[in-house]
Amino acid sequence: MHEMRNKYRRTAAAWLAALFCCSLSISPAWAVEETKTLIPVGKAVGIKLFADGVLIVDTSEVSCGGDAVSPAEDCGLKEGDLILKANGEKIQSTEHMQSILQDNGEDAMVLAVQRGSRHMEVSVTPVRCDDGKCRLGAWIRDSMAGVGTLTYYDPESGTYGALGHGINDVDTAQLMPLASGSIMETTVKSVRKGTSGSPGELKGDFSVQRDVGTLWANTDSGVFGTVSDGTFLDESRALPVAKRQEIRTGPATILSTVSGDRTEEYAVEIVRLYGGDQPTRNLLLRVTDERLLSTTGGIVQGMSGSPIVQNGKLVGAVTHVLVNDPTRGYGIFIENMLEAAG
């Protein structure tokens with residue numbers, strides 16, 4: 001009986017050993033995710049964004065026969081509303097909206113409006129003002145343009161990420177709904193140096209006749225698109241993407257273009273990690289490079305998107321400057337940007 005028990009135990013042990021070996025033998029490369037590599041860019045680019053419809057940035061009264069009236073306010077339209085259609089016709093631009101208004105005259109018209117995630121229809125009756133034009137009493141905007149920094153380029157897919165935060169309307173602070181957009185080559189012509197209480201700014205000239213990429217997403221964690229002309233990129237330095245748990249406080253570098261079209265690496269220090277909950281404020285960094293401090297005073301508008309590199313890995317991008325201390329700013333984890341890119 002004792003022999004049979006031993007024999008059973010040996011047989012069971014052999015069976016378990018065989019099963020364990022089989023489990024090991026079927027753990028190929030698919031079980032370990034391959035480290036993704038991206039090219040950190042750091043180039044300043046011009047960014048053009050065209051809204052999906054027209055955004056109401058303010059409502060006001062207009063003069064009509066001696067009376068001050070506001071049809072937009074009367075029908076319930078608000079700052080931040082997005083007008084998508086007028087009388088069933090999709091709005092292409094502010095000029096298009098004005099043309100529809102003049103053709104419509106003083107008749108009631110139906111507007112398809114988006115307010116946050118809610119879609120609705122409102123009826124509004126324009127008024128003919130003292131200058132003969134029909135108006136609603138609403139200031140509208142259909143596009144934005146500015147300077148930002150390209151964070152990364154993925155040579156496998158031809159896609160890029162930039163800014164590390166979304167493009168918001170300057171008046172409403174609302175994320176601009178994207179219909180289309182592009183990036184353009186830019187030369188940094190001058191820098192307004194940042195000081196305490198006054199953020200600095202990069203000023204550049206756009207190559208408006210030469211788009212080098214399309215824009216297909218405007219998110220809280222960055223803008224994303226496809227590069228159509230990669231000749232302005234240096235594809236020689238692909239780096240692995242750092243996972244959140246690999247990022248440490250301590251020395252790091254950023255890549256930025258603060259003069260002409262020359263991208264340079266500058267020393268910074270990651271002084272605090274906040275985690276992944278805040279979309280664009282995952283880490284706090286401090287500029288320590290005297291060259292950058294003497295040129296810009298630290299982090300300035302237009303440097304958003306500057307890639308952050310630590311220990312040979314791409315860890316994130318610069319997103320915001322601290323208004324009262326331009327030597328410090330926030331950054332986003334690169335993983336958060338990639339998650340937003342989809």
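The values are calculated or read from the model by the stated rules, or taken from the named source; none is laboratory data. Note that the coordinates shown come from a computational prediction; the quantities given were computed from them, not determined experimentally. Cβ: placed from backbone, ideal geometry, glycine included. Neighbour counts: every protein chain shown.
Per-structure values
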item	result
Pairs, first over 22 Å from ASN336 (Cβ atoms) and of a type in the set (Asp, Glu) in region 218-246, second surrounded by fewer than 19 Cβ atoms within 10 Å (Cβ to Cβ) and at pLDDT below 90, C-beta under 9 Å, six or more apart	ASP229/ARG210; ASP229/ASP211
Any hit, region 185-206, residues being outside the structural domain of GLY88 (by TED's automatic domain parsing), farther than 29 Å from VAL323 by Cα, among the polar types (S, T, N, Q) and surrounded by 18 or more Cβ atoms within 10 Å (Cβ to Cβ)	no
Given (1) modelled with pLDDT of 95 or more; (2) surrounded by fewer than 18 Cβ atoms within 10 Å (Cβ to Cβ), number of the condition GLY275 does not satisfy	(1)
Subset tally (residues that are surrounded by fewer than 13 Cβ atoms within 10 Å (Cβ to Cβ), of a type outside the set (A, V, I, L, M) and under 22 Å from ALA173 (Cβ atoms)) for region 81-129	4
Subset of region 31-74 [aliphatic (A, V, I, L, M) and free of Cβ contacts under 8 Å to residues at least 12 places away in the same chain]	ALA31, VAL32, ALA68
Qualifying residue in region 160-173 (condition: acidic (Asp, Glu), farther than 30 Å from LEU55 by Cβ and not in a strand (DSSP E or B))	no
Region 281-312, residues that are surrounded by 24 or more Cβ atoms within 10 Å (Cβ to Cβ), within 23 Å of ILE183 (Cα to Cα) and polar (S, T, N, Q)	SER304, SER306
Close pairs from region 167-182: first over 20 Å from LEU150 (Cα atoms) and of a type in the set (Val, Ile, Thr), partner in a strand (DSSP E or B) and modelled with pLDDT of 85 or more, Cβ under 6 Å, at least 6 apart	THR172/VAL57
Some residue of region 291-308 being free of Cβ contacts under 8 Å to residues at least 12 places away in the same chain and more than 22 Å from the chain's Cα centre (by Cα)	yes
Residue among GLY305, GLY213 that is closer than 18 Å to THR186 by Cβ and either in a loop (DSSP other than H, G, I, E, B) or touching a His at 6+ places or on another chain (Cβ under 7 Å) (or both)	GLY305
In region 219-243, the residues that are among the polar types (S, T, N, Q) and either surrounded by fewer than 19 Cβ atoms within 10 Å (Cβ to Cβ) or assigned to a strand (DSSP E or B) (or both)	THR219, THR226, SER228, THR231, SER236
Subset of region 116-166 (residues that are under 16 Å from SER304 (Cα atoms) and without any contact (Cβ under 8 Å) to a residue 60 or more places away in the chain)	GLY166
Count of region 313-329 residues which are assigned to a strand (DSSP E or B) and surrounded by fewer than 24 Cβ atoms within 10 Å (Cβ to Cβ)	7
Elements of type strands (runs of 3 or more DSSP E) in region 50-121, at least 1 residues being touching a helix residue (DSSP H, G or I) at 6+ places or on another chain (Cβ under 9 Å) and not aromatic (Phe, Trp, Tyr)	62-64, 82-86, 109-115
Residue within region 153-162 that is over 24 Å from GLU264 (Cα atoms), among the small types (Gly, Ala, Ser) and over 17 Å from the mean Cα position of the chain (by Cα) present	yes
Filter result (surrounded by 15 or more Cβ atoms within 10 Å (Cβ to Cβ) and farther than 25 Å from THR295 by Cβ) within region 244-262	ARG244, ILE247
Some residue of region 131-148 being in a helix (DSSP H, G or I), out of contact with any helix residue (DSSP H, G or I) (no Cβ under 9 Å at 6 or more places or on another chain) and surrounded by 19 or more Cβ atoms within 10 Å (Cβ to Cβ)	no
